Each structure stands twice: as C-alpha cells, then as structure tokens.
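Presented below is the structure to which this report refers.
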Amino acid sequence: MNKLAVLAFALLMFFSTMSWYLADSSLNDYLKSQIVLQGQYYSDQPTNITKANFVSNTGLLTLEHLTLANKNILPVKNNQVKNTLVIDQVLAQLAAVSPSAQAQKNNNDISKKVQHITVEKVSINKLRFNLTETLTSDGLTNLELLQQQISHKLAADYPALYPEIAAKLYAKNHPELNAALVYDSQEYSKQKPKKETNQAIIESKASKHKKRLLGKATTRITILAFTLKSLEINHIAQDGNNLVQQFSNIELPVIGKEHGLASNQIGGEILRLLLSKANHLQ
C-alpha cells in the first residue's frame with residue numbers, strides 16, 4: 001500500500017511500545033525496531049527511522065527522519081518517487097502522573113487490567129506527502145488507497161470500533177450470504193444496520209485466541225493534543241510540473257479519549273487520521 005505511514009509508524013511504535021516507559025538504555029533501539037515493524041504491518045511498505053531518543057526523567061520522546069517507501073505494492077504512474085511520506089522530526093511529551101490520578105486509576109476496572117499512558121502533546125515539525133496517481137481503474141491516488149487499506153486493517157482487528165467498515169468486510173468475505181448487495185441497499189441500511197456488524201464482531205472474537213503479529217496489547221494510550229507544524233503535499237505530475245501545497249499548524253482531534261486506544265491500534269489510528277486530513281486538504 002503506501003507511505004504516509006512513516007510518521008504514524010514512528011508514532012505507532014512509540015505508542016504501541018509505551019510499556020517501554022519502564023525500559024532501560026536499550027529502549028531506543030527497541031523503539032526503532034518497533035517503528036519499522038509496525039510501519040510494515042500497516043502499510044506493507046519498507047519503513048525507516050534514523051533516530052529514536054527517549055529521556056526518562058523528562059518523559060520526552062524524539063523521533064528523527066521517518067520515511068515510508070513507495071515500492072511495489074501500488075502501481076503508480078511515476079515510479080521515480082522513492083518515499084510517499086517523509087517526516088523530519090516528531091516530539092512526544094508524556095504527561096506526568098499525579099498521586100491523585102494514580103489513586104483514581106487503581107479504582108478503575110480498566111486500569112487494573114492494562115497500563116494507561118497519557119501523552120500530553122505530540123508535534124510533527126515537518127511532514128511531506130508525495131501524492132501520485134495510480135494505474136488502477138478506480139481513479140484513486142496512492143494516499144487514498146493507503147487510507148482505505150489502513151481503515152480495513154483497523155476494522156479487521158477492532159471491528160467493534162469501526163462497525164460500518166467491519167460489516168462491509170464481513171459481507172465481502174462471505175459472498176455466499178449475498179450480504180454485500182443487501183448491505184449496500186438503502187432499505188437494508190435502515191432495517192438491519194447491525195446484523196452484519198454483529199456477525200463481524202462475533203467472527204473477530206472467535207479469532208482473538210490466535211496469536212497476531214502485533215501481539216496482545218497490555219497498554220492503552222490517550223493523546224491529548226496532536227499538531228502538525230508544517231504539512232506539504234507534493235503532487236507528482238507526469239510532465240514534471242509538480243504542485244506543492246503547504247499548510248501550517250494543523251490540529252488533530254484527541255486520540256483515545258477517556259479510556260485510550262490499545263497500543264497496537266493507536267499507530268493505525270494515527271495513520272488513518274493523517275491520511276484523512278491530507279486527502280481532505282488536497
């Protein structure tokens with residue numbers, strides 16, 4: 001698929017490995033390896049990061065030079081594009097845990113089962129997307145196709161949180177029920193909006209016992225503020241007359257809210273939000 005993911009991966013890794021918060025000096029290498037792993041998981045593209053540095057006494061994580069390749073998966077019209085996504089620097093500041101907040105967590109059923117980490121703010125200094133047309137017949141760009149892929153993967157792993165997409169995926173995977181045609185009809189949407197969703201959830205629960213690539217999440221993450229200081233969308237044209245759109249100080253919504261998102265989910269959700277924002281702006 002594609003590329004925007006770099007950033008999110010980086011973040012994803014950071015978030016998905018938040019249990020690293022208690023780790024030692026080998027943490028930075030571990031974070032880098034996780035960024036690469038999750039980048040590939042969500043995008044099916046080679047992912048790289050130059051540096052990851054976490055300072056435990058300040059709770060600040062710095063990620064430098066994140067890239068998501070543009071290779072093989074999507075048939076693009078310009079094969080000279082090396083990366084779909086490039087991020088120069090990401091800063092993530094963990095929120096301090098007060099004694100009162102810790103006491104409240106100890107009385108919460110969810111916090112007894114998993115570690116809940118709050119990220120006060122995340123800022124990306126400069127994010128660049130290289131947008132290209134694809135050779136597929138649907139007329140979508142590489143960023144649109146990537147957003148679609150990420151959304152489908154999230155819905156497959158967490159169907160209860162993405163019910164509409166999960167229902168469509170279930171219908172597609174069970175053509176013997178002729179569910180696709182029924183679900184797409186307006187009448188079915190009004191009369192039976194939950195049937196296929198529930199079936200998808202049941203199917204997901206049955207597969208929870210299977211070991212997944214990302215493993216079982218034991219950490220939940222909430223991100224209170226997410227800012228893109230600079231965003232560039234580089235439209236790659238066949239005639240060489242590229243168009244660059246520039247935006248600044250873009251805010252994303254709170255991610256995870258009260259109970260947070262599973263550490264294995266948050267990277268995909270960040271990618272989905274970033275792609276959605278880029279596709280909307282361009």
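The values are calculated or read from the model by the stated rules, or taken from the named source; none is laboratory data. The structure displayed is predicted, hence computed values, not measured ones. Every residue, glycine among them, receives a Cβ derived from its backbone with ideal geometry; neighbour counts consider all protein chains shown.
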From the option list 176, 144, single residue qualifying as among the charged types (D, E, K, R), out of contact with any Leu (no Cβ under 7 Å at 6 or more places or on another chain) and at pLDDT 85 or above is 144
Among the residues of region 146-173, the number that are within 11 Å of residue 269 (Cα to Cα) and under 11 Å from the mean Cα position of the chain (by Cα) is 5
Expected output for region 155-176 (first residue free of Cβ contacts under 8 Å to residues at least 40 places away in the same chain, partner among the aromatic types (Phe, Trp, Tyr) and assigned to a helix (DSSP H, G or I), Cβ below 8 Å, 6+ apart or cross-chain) is 167/183; 168/183; 171/183
If we keep only residues of region 1-30 that are more than 16 Å from the chain's Cα centre (by Cα) and closer than 16 Å to residue 92 by Cβ, then the residue modelled with the highest pLDDT is 28
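Residue-wise test of (1) among the small types (Gly, Ala, Ser); (2) at pLDDT below 85; (3) under 15 Å from the mean Cα position of the chain (by Cα).
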residue	(1), (2), (3)
208	no, yes, no
212	no, yes, no
233	no, no, no
241	no, yes, no
250	no, no, no
274	no, no, yes
282	no, yes, no
Is one or more of the residues making up region 235-258 part of a strand (DSSP E or B), under 19 Å from residue 153 (Cα atoms), touching a His at 6+ places or on another chain (Cβ under 7 Å) and not acidic (Asp, Glu)? no
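Per-residue answers, yes or no, for (1) under 24 Å from residue 235 (Cβ atoms); (2) at pLDDT 90 or above:
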residue	(1), (2)
57	no, no
68	yes, no
88	yes, yes
94	no, yes
100	no, no
110	no, no
114	no, no
127	yes, yes
132	yes, no
Going through (1) surrounded by 21 or more Cβ atoms within 10 Å (Cβ to Cβ); (2) over 17 Å from residue 92 (Cβ atoms) one by one, residue 269 fails only at (2)
